[in-house]
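The values are calculated or read from the model by the stated rules, or taken from the named source; none is laboratory data. A quick note: this is a predicted structure, and the numbers were derived from the prediction, not measured. As a convention, Cβ positions derive from the backbone with ideal geometry for all residues, glycine included, and neighbour counts pool all protein chains shown. For the accessible areas, the whole protein counts, side chains as well, though only heavy atoms, and no ligand, DNA or RNA atoms are used. Shrake-Rupley method; radii C 1.70, N 1.55, O 1.52, S 1.80 Å.
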Amino acid sequence: MAETLEQRITRHECIGGKPNLKPYVDTVGKITIGIGHNLTDNGLTLAQVEDIFQSDVHEAQADLQRVLPWVAGLTPLRQEVFVELVFNLGIMGLSQFHVFLNLAQAGNWAGASADLLTTKWATQVKSRAVELAHLLL
């Protein structure tokens, strides 16, 4: 059986036949990802961006369920706040917010909201932190 076009391109573009899951700079200085996708010149399509976004949201939800399963018992809006925190900080980043998490798990939403605004993250994202803190109340 003859090699297909896709198989040949994959063989030429991938190391060990596996797509590059992280961006890298190719031999002519172009930022590339996947199977030879030139991000420098071509970027991503809106459909690709939306697919990545949906995948990232689902990953944040799965990480949250795995590490902080008690969040599933919160109101839908509070769950969304936690998903957004994981989306932005990563589950390991959010896991460092010990006081916030303890207050939230205890149902002390005023305290959790206030504590969230004392974090370094809040100073970095400013109005986003204020909005999410208010949504917890």
In the set Gln48, Gln79, the lone residue that is farther than 30 Å from Arg8 by Cα and at pLDDT 95 or above is Gln79
Tally up the residues in region 38-67 that are among the acidic types (Asp, Glu) and open to solvent by 70 Å² or more (accessible area, probe 1.4 Å), please. 4
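Scan region 90-128 for residues that are assigned to a helix (DSSP H, G or I) and under 19 Å from Arg66 (Cα atoms) and report the count.
Step one: filter region 90-128 for residues assigned to a helix (DSSP H, G or I), giving 91-95, 98-105, 109-116, 120-125, 127-128.
Still in the running and under 19 Å from Arg66 (Cα atoms): 91-95, 98, 100-102, 104-105.
The number of residues fulfilling the criteria is 11.
I want to confirm something. Restricting to region 68-84 and keeping residues that are open to solvent by less than 50 Å² (accessible area, probe 1.4 Å) and of a type in the set (A, V, I, L, M, F, W, C), which single residue is farthest from Val130 (Cα to Cα)?
Step one: of region 68-84, the residues open to solvent by less than 50 Å² (accessible area, probe 1.4 Å) are 68, 71, 74, 78, 81-83.
Still in the list and also of a type in the set (A, V, I, L, M, F, W, C): 68, 71, 74, 81-83.
On the way: Leu68: 22, Val71: 20, Leu74: 20, Val81: 12, Phe82: 14, Val83: 16 Å.
Applying the filter and picking the extreme gives Leu68.
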Across region 1-17, the tally of residues that are in a loop (DSSP other than H, G, I, E, B) and loosely packed, with under 12 Cβ neighbours inside 10 Å stands at 6
Of the residues in region 91-110, how many are over 16 Å from Glu131 (Cα atoms), surrounded by fewer than 14 Cβ atoms within 10 Å (Cβ to Cβ) and in contact (Cβ under 8 Å) with a residue 24 or more places away in the chain? 1
For Thr40, work out the one condition from (1) of a type in the set (Ser, Thr, Tyr); (2) part of a helix (DSSP H, G or I); (3) over 30 Å from His12 (Cβ atoms) it doesn't fulfil. (3)
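Considering only region 18-33, state which residues are of a type outside the set (Ser, Thr, Tyr) and surrounded by 10 or more Cβ atoms within 10 Å (Cβ to Cβ). Before the answer, list the steps.
Of region 18-33, the ones of a type outside the set (Ser, Thr, Tyr) are 18-23, 25-26, 28-31, 33.
Answer for region 18-33, where residues must be of a type outside the set (Ser, Thr, Tyr) and surrounded by 10 or more Cβ atoms within 10 Å (Cβ to Cβ): Pro19, Asn20, Pro23, Val25, Asp26, Lys30, Ile31, Ile33.
Out of all the residues in region 71-113, which are among the hydrophobic types (A, V, I, L, M, F, W, C) and farther than 20 Å from His58 by Cβ?
Result: Phe97, Val99, Phe100, Leu101, Leu103, Ala104, Ala106, Trp109, Ala110, Ala112.
Quick one: would you say Phe87 is within 26 Å of Leu116 (Cβ to Cβ), aromatic (Phe, Trp, Tyr), open to solvent by 60 Å² or more (accessible area, probe 1.4 Å) and under 13 Å from the mean Cα position of the chain (by Cα)? Don't jump to the end; show me each part of the working.
Numbers: within 26 Å of Leu116 (Cβ to Cβ): yes; aromatic (Phe, Trp, Tyr): yes; open to solvent by 60 Å² or more (accessible area, probe 1.4 Å): yes; under 13 Å from the mean Cα position of the chain (by Cα): yes.
Answer is yes for this residue.
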